[in-house]
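Some notes on the structure that comes next.
The values are calculated or read from the model by the stated rules, or taken from the named source; none is laboratory data. Since the structure is predicted, the reported quantities are computational estimates derived from the model, not experimental observations. Reconstructed Cβ throughout: ideal geometry from the backbone, glycine too, with neighbour counts over all protein chains shown. With ligands, DNA and RNA removed, areas are computed over all heavy atoms of the protein, side chains included. Shrake-Rupley method; radii C 1.70, N 1.55, O 1.52, S 1.80 Å.
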Amino acid sequence: MELNELLEIAKAEHSQAKPIQIRCCTAAGCLSSHSQEVKDNLEASVKAAGLEGQVQVYGVGCMRLCCQGPLVEVENLENPAETKLYEKVTPQDAVKIVAEVEGEETDLQKGDLHQPFFAGQLPIVLENSGKVDPERIQSYIAAKGYQGLYQVLREKQPAEVIETINKSGLRGRGGAGYPTGLKWSTVAKSKGDKKFVICNADEGDPGAFMDRSVLESDPHRVLEGMAIAAYAIGASQGYIYVRAEYPTAIKRLEIAIRQAQRLGVLGTKIFDSPFDFKVEIRIGAGAYVCGEETALMASIEGKRGVPHPRPPYPAESGLWGYPTLINNVETFANIAPIIRKGADWFAGIGTAKSKGTKVFALAGNIRNTGLIEVPMGTTLQQIVEEMGGGVPGGGIAKAVQTGGPSGGCIPASAFSTPVDYESLSALGSMMGSGGMIVMDQSTSMVDVARFFMEFCMDESCGKCIPCRVGTVQLHDLLTKISKGEASQADLNLLEELCDVVKFTSLCGLGQSAPNPVFSTLRYFREEYLALVK
C-alpha cells in the first residue's frame, strides 16, 4: 500500500459521509444501560422516516461523560455548531431524536458540550473516542490513521523515531512515569535474535477504566503505536495482554487486527517496506499481579503469573529470554500523534518534567463521573470542583485517591497541587495508570485504607512472605482499628509493619500495598487516634 491509497480511503470515507451524523456510544458503560438497543432503534427510526440518504447512524466508543449515559450525539456536518448531546437516552427515545432531526421539539434531556467537564479537556489520546467507528478501519484512516506509521517507515530511521519520542518528553503512562524514549533506546541497543513488543492492557486498579475505554473506542490507534515502536526497536512480533473482563475491548481488537492485516498495515512488508509486524492477543484471567511486567510475561509464556527478581530487566531479557519492550495502552496511544505533529508540539503541553496530557477515570462521590484527559499541570481543584462539578447535594470533597491500591489519598487542603509525576509523589501518592476516586466528608479514611489492603491481600500472588503474610496482618490490624478494638501499640505495629512490607516485598504490588495506609496516617491521623483505645 502507498500513501495515496491511504489518502484515497480517507477521501472516500469523507465523501460518503451523510450530512447528519448520529453517534451512539457503544462502550461498555453505555452498553450496560442498553445503548445497543438505542442504536438499533435509531437505525429503525431513520429508516421509517425515510431519512437513510441524509442521516447516518453508527456506534462509537466512549463519549466521556459516563454518568449521563447512554449518550447520543447528533451533528450536522454543514453546521457543526448545532451539535446536540442527548443524555440518559432510552431505546424509546430514539423516535424523538429522529423527530428532532426533522425539526420537531421534544422533551428530551440535552447536555451542554461547552460545560467545564468538556471545556477543560485536551483530547490527544481520546481525540477519536466518540468520533470514529471502532469496528471500521476506514473510519480510523479518515481521522489520519496509519499516516504516522507510513511516515516512519518511509521517512525515518529507527534511531530517528526514538529521538523523536525522547525529544517529546513522553513518559510511561502505566504508573512510574519512566521516560518512554529511554526505554525504547535500551531495547533497541540490546542484542537478540528476536525482540518483542507488549502492550500491557491488564488494567486492574479499582475504579479505573481508561485503557478499556481506549481499546473499545480506538483500537487501531494502539496498534499503530505498537507498530511504530516495533520498527524503532527492531521487533517483528507484538502481544496485547488484556484481561478477560473486557469482552468488548477484546472483540474490537480482534476485528481491528483482522482489518489491519487485510489492508496491509499489519503483517508482512507493511507499506511495501521490508518491515514485518504481527500482533496477537493474550487474555489474562484477572490476576492483578499480572499487571507487573515480569508476571505478565510469565503469563504470556503459559506459566503461572508471578513476578521474578530484576535484573535482568525485560529490555535485556524479557519474553522467552529475548529483549522486550512493555508499555501500556495509553503510552502507545500517544505515539502516532507525536509522529504526525512533532515532538515539539507534544513537549509544549504540560509541565517542565511531565509533558503532554493524562487520561483519568473520574469516579466516586462526584457529580460528573467519566473519562477526562487534561494537560499535565492541571490542578486537582480544577478536576474535582470545576470539571467534576464537586460533590453532589452540596457536600464537601474530603480527599482524592490516585494511583489505585499503589497510590495514596490526597486531602482537600492539597487540591491546589498540579497533577504531574513529581507533585503527586511529593504528596505520598502517584499518577498510576489514571484512576481518580473522590471521597466526601462521610468517608472513613481508615475504612478506605482497609479496603485497599483487602484488595492487595486478595490479589497477592503469594510468592514472597512480606506480601503474602504482611498484607494479611496489615488488614487484620486495620480491621481491629476500625472496630475500635485497637491500642496505641497496635497503631505503632501498623506503621512498623508497613515499612517492612514496603521495603522487603519482591514486586510493586507488595512494595506499594502500604501506600494508602501511609497517606491516610499522614493526612488523617486523627481518625486513627479517635478509634484507638
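Brief remarks on what is shown
- Note: the range 1-47, Cα convex hull, 106 Å³ per residue.
- 3J(HN,Hα) along the range 105-111: 9, 9, 9, 5, 6, 10, x Hz, from the Karplus curve 6.51 cos²θ - 1.76 cosθ + 1.60 with θ = phi - 60°, whole Hz, x for Gly and Pro.
- By DSSP, the beta bridges lying fully in the range 1-129 are antiparallel in about 60 percent of cases.
- Rounded to 5, percent antiparallel among DSSP beta bridges of the chain: 50 percent
- Under 27 Å from residue 355, Cα to Cα: lysines that are on another chain or at least 8 residues apart: 131, 144, 156, 167, 183, 189, 341
- If both residues of a DSSP beta bridge must be in the range 219-358, then about 20% of such bridges are antiparallel.
- When only Cα pairs below 8 angstrom with a gap of at least 6 residues are kept, the chain shows a relative contact order of 14 percent.
- Stokes-Einstein D for the range 314-415, Kirkwood Rh over Cα pairs, 20 °C, 1.002 mPa s (µm²/s): 133 µm²/s
- Across every direction, the projection of the convex hull enclosing the Cα atoms of the range 400-493 has a mean area of 7.1 nm².
- When you filter the trypsin sites (Lys or Arg not before Pro) in the range 190-232 for DSSP loop state and at most 10 other Cβ atoms inside 10 Å of their Cβ, you are left with 191.
- For the range 123-229, the square roots a ≥ b ≥ c of the C-alpha gyration tensor eigenvalues yield an a/c of 1.5 or more together with a/b not exceeding b/c, which makes the shape oblate.
- Amide H contacts under 5 Å for residue 327, placed H, 5+ residues apart: 198, 200
- Between amide H atoms placed 1.01 Å from N, distances below 5 Å from residue 243 occur with 203, 284, all of them 5 or more places distant or on a separate chain.
- Accessible surface of residue 90 - all protein chains present, 1.4 Å probe, nearest 10 Å²: 50 Å²
- Sparse-neighbourhood loop sites, GluC sites (Glu not before Pro) in the range 30-95 - DSSP loop, at most 10 other Cβ within 10 angstrom: 78
- Hz values of 3J(HN,Hα) by residue in the range 401-413 - Karplus curve (6.51, -1.76, 1.60), Gly and Pro given as x: 9, 10, x, x, x, 8, x, x, 9, 9, x, 4, 5
- Kirkwood-based Rg to Rh ratio, the chain, C-alpha trace: 0.98
- Whichever aspartates and glutamates have a C-alpha closer than 16 Å to that of residue 533, once near sequence neighbours (fewer than 8 apart) are set aside: 485, 490
- Rounded to the nearest 10 Å², the accessible area of residue 30 at probe 1.4 Å: 10 Å²
- Sparsely packed loop sites in the range 227-319 (the trypsin sites (Lys or Arg not before Pro) outside DSSP H, G, I, E and B with at most 16 other Cβ atoms within 10 Å) comprise 269, 303, 304.
- Mean separation of Cα contacts under 8 Å (6+ apart) over length of the range 202-315, as relative contact order %: 26 percent
- Three-way shape label, the range 46-157, alpha-carbon gyration tensor, a/c 1.5: prolate
- Residues of type lysines that residue 303 reaches as a straight line, Cα spacing below 19 Å, ignoring anything fewer than 8 places off in the same chain: 463
- Helix-only [θ]222 nm of the chain, DSSP H runs n ≥ 4, -39500 (n - 2.57) each, per residue, nearest 500: -12500 deg cm²/dmol
- Amide H within-cut-off set for residue 378, under 5 Å, with H built and near neighbours excluded: 419
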